[in-house]
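Every number here is computed from the coordinates shown, using simple stated rules; none is lab data. Owing to the predicted nature of the structure, the values given are computational and were not obtained by experimental measurement. FYI the Cβ positions are ideal-geometry reconstructions off the backbone, even for glycines, and counts take in every protein chain you see.
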Amino acid sequence: MKKYGIYITLPSNSTMRAAHLLGENWDSYHWYHTIEDRDKAFEEMRFHLPYYQNRDNPNLIIKKVEQ
């Protein structure tokens, strides 16, 4: 079982929360087997989020979580 995770959500004022885009309750979890794997992925997400181009300025909230 993957125990260590990263929680991702949008700020309350994000335009991506529109119903025709991601929706006002959008969030996501990414789970990892070890703290080390989670922490490495967390640091990478802080500087380069997947699915975004280099010139994009994503406005996401990311937090470390555990089950």
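Quick notes
- A simple rule links phi to the HN-Hα coupling: the Karplus curve 6.51 cos²θ - 1.76 cosθ + 1.60 with θ = phi - 60°, which for the range 12-21 gives 4, 9, 5, 5, 6, 6, 4, 4, 7, 10 Hz, with x for Gly and Pro.
- The label-point distance for Phe47 and His33, in a model that sets each label 7 Å from Cα toward Cβ, rounds to 2.6 nm.
- Residues whose placed amide H lies under 5 Å from that of Val65, excluding near-sequence neighbours: Gly5, Ile6, Tyr7
- Couplings 3J(HN,Hα) for the range 30-41, derived from phi with the Karplus relation 6.51 cos²θ - 1.76 cosθ + 1.60 (θ = phi - 60°), are 10, 10, 9, 6, 10, 4, 4, 5, 4, 5, 5, 5 Hz, where x marks Gly and Pro.
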